[in-house]
1. Please give every one of the aspartates and glutamates within straight-line cross-link reach of residue 204, meaning a C-alpha to C-alpha distance under 14 Å, and leave out same-chain neighbours fewer than 8 residues apart.
2. Counting other beta carbons within 10 Å of each Cβ, put 453, 212 in order, fewest first.
3. Give me the number: length gained by fully extending residue 472 to residue 1, i.e. 0.36 nm times residue separation minus the C-alpha to C-alpha distance, one decimal in nm.
4. According to a simple spin-label model (label point 7 Å from Cα along Cα-to-Cβ), what is the distance in nm between residue 557 and residue 101?
5. Between residue 183 and residue 464, what FRET efficiency follows from the Cβ-Cβ distance if R0 is 41 Å, with the result rounded to 0.05?
6. Hey, what do the phi angles of the range 429-441 turn into as Karplus ³J(HN,Hα) couplings, whole Hz, using 6.51/-1.76/1.60 and θ = phi - 60°, x for Gly and Pro?
7. Here are several values of Cα extents along the principal axes in Å: [x] 64, 58, 50; [y] 77, 56, 52; [z] 141, 96, 45. Which one was derived from the coordinates shown?
8. How much length is gained if the chain between residue 31 and residue 438 is pulled fully straight, taking 0.36 nm per residue apart and subtracting their Cα-Cα distance, in nm to one decimal?
Amino acid sequence: MIDRLGADVLILGAGGAGLTAALRAADASPSLRVTVVVKGLLGRAGCTRMVQGGYNAVLTAPDSLDAHLRDTLEGGGWINDQEMVWTLVREAPGRVHELEARYGCFFDRTADGHIHQKPFAGQSYDRTIHRGDLTGIEIMNRLSEQVRARANITVLEECRAVELLVDGGRAVGAMVLDIRRGELIAVAARATLLAMGGGPTMYKVIACSADKSADGLALAWRAGLELRDMEMVQFHPTGLVIPGSLMTGALLEEGLRGAGGHLRNGLGERFMQRYDPARMERSTRDLVSRASFLEIIEGRGTPNGGVWIDVSHLGADNVERAFRGMVRRCRDFGRDLARGPVEVQPTTHFMMGGIVTDSSCRTMVEGLFVAGEDAGGVHGANRLGGNGVAESTVFGGIAGDAMADFVVERPAPQVHASVFERTVHAVNAPRGRAGDANLYALQRELRAVMWDKAGLVRDAAGLAEARAGVERIADALGRVGVPGHGAFNVAWQDWLNLTNQVTVAGLIVTSALERTESRGAHYRSDFPSPDPGPIYTVRVRQRRDEMIVARVPVDFTRMRPPTTARVEVSVDVGD
């Protein structure tokens, strides 16, 4: 028996995008039944809570919406969807005020009472709003409180969506697995939001939440949606190096570099002088990450295979006051960020690519909306720090409003068993099976091949090896067996995670092979310069079990790149 539930609005994911959407939809009409599905516990899971740095929004002159737009397009290598970027920069100031005045968030203030904005890389002006270096916790705590206070929002905790339900070309809900009971639930809904967060956890060193496994992107792919720019995976330059610990890769946020922190290699050199002498450590994440990686692989790294970040010259008292979360994190591992250098290395952080939507979060499937990291288009080839949580709450709010309007006078769907029978079989396939492949060996293999062959520096030969490895792992997953019980079956959950990670890894590698140039986070050592021809996005879509790959020219609706557009790729592997 499959449990059945009904909702007017179904929200898959409970980060910044999902919770903002839930609140906007619930407040638009208190009669709407809003159901939120969260893989972990409300307010305690996902990536928004992990945001240290802040939230980009234009509040005061001389900053301007045009400056925010241009910074985002330049940082993104000009492949962004310009209408989505314009929506972001136009709506972000109002969303900040809504977070404070309506939902109770409190951001740091200047001495005269104005919201404080700090410098982040790639910005023309200081525009990053923050709550110390624990901004995500502030936002998630307040949003979670508001969600719990609304009687028309139901939260399904420790539940995960395992498949979208699409009937006759229309989204009609999702199949959800109750992790606690090990039982499947068919949730029928008049409108569905995919806001599960990307999470490039198919790489060996990660900064994102370990509960992420690119679930939303995999669900969208299996439902036949088009995805864009999946090759654009962001590597953050400053992940902690803690030998022998799973905390290796945990972030030290960009505000350290914005405040004047120095990066030095194992020889003590401020190596960014070689890569971006004008901006130095305030260069964009893609270039700084790649520069650090090259310093390490060329033998100029620290004893544990990283580089040093040093903010001690800013004064211990100042560092402890401005970055107390990071100071505390470092001290947990015997490092004193306030008084000396700390070892860091590039870490896999964010997926700029994602599902194709319009500026209202609508997709090609009627009734299906997407917001947050699952959506592609805003960040292009490289996300600027501070634009991520802004994107989540801006487009989450837009999606909530759009869904509340969409469901008006639309009948509730009747979901027939035939729509989800195949999903039930596929999800339960490994349970009790006598498999001959080791799940965790496959997990380690995927992480290694993606890091080594589809990571910060790529080429055709390495990507071909990555593709072969991903295909081999995908095949072996069909021979994995897990224990037969349902409730809190960790191995079963890990099998579901790895299935989705392998699916999305294949999309990353295929798209990376298609983009025969270097642009933003995508660096091809065999094509080290941008393509001199038309600027394009890479699109992938599934049609009758065949992958369709296409290049689509960028539509410059707001700004055109200068003739000599600066694209952050000025690194030679042989330097």
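A short reminder: the numbers here are calculations on the coordinates, not readings from a lab. Keep in mind the model is a prediction, meaning the values are calculated, not measured. Cβ placement follows ideal geometry from the backbone for every residue including glycine, while neighbour counts extend to all protein chains displayed.
1. Leaving aside aspartates and glutamates fewer than 8 places away in the same chain, those within reach of residue 204 are 445, 452.
2. Working: 453 22, 212 25.
Neighbour counts put them in this order, fewest first: 453, 212.
3. Values: separation 471, 0.36 × 471 = 169.56 nm, distance 3.44 nm.
Gain on extension, residue 472 to residue 1, equals 166.1 nm.
4. Distance between the two pseudo-spin positions: 2.8 nm.
5. 0.45
6. Calculated HN-Hα couplings, in order: 3, x, 5, x, 7, 7, x, 10, 10, 8, 4, 7, 5 Hz.
7. [x]
8. Numbers: separation 407, 0.36 × 407 = 146.52 nm, distance 4.89 nm.
Length difference between fully extended and current span is 141.6 nm.
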